[in-house]
Amino acid sequence: MTRIVSIGECMVELAPSSIEGSFQIGFAGDTMNTAWYLRQLLGEDHQVDYLSAVGQDAISDQMLGFLEDAGIGTDPILRLPGLTVGLYMIQLQDGERSFSYWRGQSAARHLASDTTHIGRALNGAQIAFFSGITLAILSEADRKKLLETLSSFRGGGGTVVFDPNLRPRLWETPDIMTASIMAAARVSNTVLPSHEDEATWFGDADPEATMARYIEAGAQTVVVKNGPGEILISDNGTISRVSPVAASKVVDTTAAGDSFNAGFLAAQLAGKPIKQAVAEGAALAGRVIQSRGALMPCAE
Ligand code: ADP
């Protein structure tokens, strides 16, 4: 049995329903989206767990029910009194989507408050997956605790996988963001950045510069996504490239990177060569962006 632990925040999503003025409740969040796709792609010999924190209220119960129904393990999810889950609302204005967030009371901000809990959740797991968003929502002290625990996990033979997922609005300052992202990269075996975001905040001239920076930080595998552009791969010093198949009609790019990560990791776990794993990540992302919303059932 292989166990993968995805670490981060799942939020309530309020999306416009077909009834004018009404909203539909869903659940989404980058690391949860990746766990959700991994659960669909992997067989029963793999366990996919989510490490997070929720409240003790009815909506937190509903979120846990959603994860359990999806087959995602919820044992590592803390239940904290007096807090609840974060929420975002999608609104349509003249056909354009805009997002509003309420995450100040989110229990997930405290997911790394207890290192014993994280250590226990990672015990016996093969892969720990987290993102820049996971780090952004934590206090500075908890970021440090999470990275230390992940570093021990890597030291004990575990594989740490990190998607920088840069979201400047979630961070105190751009400098704290870039410093924290590089600190996270230093405890990671595999880094899965998106070049466009990285270029903006790190000043990378091209995907090669993004790759070089993460190799320098100590990652063995770096896969630089680039929207519809060529994906650049460095795997233990071997460089290769994969071009995503052009999507005939892009409907909604939400979760492109998250589903890519799941397709890639699932193929790696199945022992496929790195270029094939990247191609499978890109193929899944290519389908996800042609359907609405973050979560697309994978069965044909
Ligand atoms: P993120 O969602 O993290 O910003 P990217 O935009 O870099 O990530 O996209 C992740 C992956 O999704 C890409 O590597 C590619 O495989 C796929 N993808 C994204 N946009 C397109 C597109 N327009 N056509 C085809 N594939 C795409």
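The values are calculated or read from the model by the stated rules, or taken from the named source; none is laboratory data. Since we're looking at a predicted model, the values are computed, not measured. Quick reminder, even Gly has a Cβ in these numbers, built from the backbone with ideal geometry, and neighbours come from all protein chains shown. When the accessible area is computed, the model is the full protein with side chains, heavy atoms only, and any ligands, DNA or RNA have been set aside. Shrake-Rupley method; radii C 1.70, N 1.55, O 1.52, S 1.80 Å.
Structural remarks
- Looking across the stretch 273-290, the residues that are in contact with a helix residue (DSSP H, G or I) (Cβ under 7 Å, 6 or more places away or on another chain) and at pLDDT 95 or above come down to GLN276, ALA277, VAL278, GLU280, GLY281, ALA282, ALA283, LEU284, ALA285.
- Checked against the criterion of being open to solvent by less than 20 Å² (accessible area, probe 1.4 Å) and without any contact (Cβ under 8 Å) to a residue 60 or more places away in the chain, the candidates SER18, SER6, SER100, SER52 yield just one match: SER52.
- A search for C-beta distances below 9 Å between a residue of the stretch 112-127 that is over 11 Å from GLY156 (Cα atoms) and any residue that is open to solvent by 60 Å² or more (accessible area, probe 1.4 Å) and among the acidic types (Asp, Glu), counting only pairs 6+ apart in sequence or on different chains, returns THR115/GLU148; ALA121/ASP75.
- Tallying residues that are among the charged types (D, E, K, R) and in contact with a Cys (Cβ under 8 Å, 6 or more places away or on another chain) within the stretch 35-92 yields 0.
- Within the stretch 61-95, being in a strand (DSSP E or B) and either closer than 19 Å to THR31 by Cβ or without any contact (Cβ under 8 Å) to a residue 24 or more places away in the chain (or both) holds for GLY73, ILE77, LEU78, ARG79, THR84, LEU87, TYR88, GLN93.
- Selection from the stretch 161-170 of residues that are surrounded by fewer than 21 Cβ atoms within 10 Å (Cβ to Cβ) and either assigned to a strand (DSSP E or B) or touching a residue at least 24 places away in the same chain (Cβ under 8 Å) (or both): ARG167, PRO168, LEU170
Okay, residues lined up against (1) within 12 Å of the ligand (Cβ to nearest atom); (2) open to solvent by 20 Å² or more (accessible area, probe 1.4 Å); (3) of a type outside the set (D, E, K, R); (4) without any contact (Cβ under 8 Å) to a residue 40 or more places away in the chain:
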{"site": "ASP235", "(1), (2), (3), (4)": "no, yes, no, yes"}
{"site": "VAL250", "(1), (2), (3), (4)": "yes, yes, yes, no"}
{"site": "THR253", "(1), (2), (3), (4)": "yes, yes, yes, yes"}
{"site": "PHE264", "(1), (2), (3), (4)": "yes, no, yes, no"}
{"site": "LYS272", "(1), (2), (3), (4)": "no, yes, no, yes"}
{"site": "ARG292", "(1), (2), (3), (4)": "no, yes, no, no"}
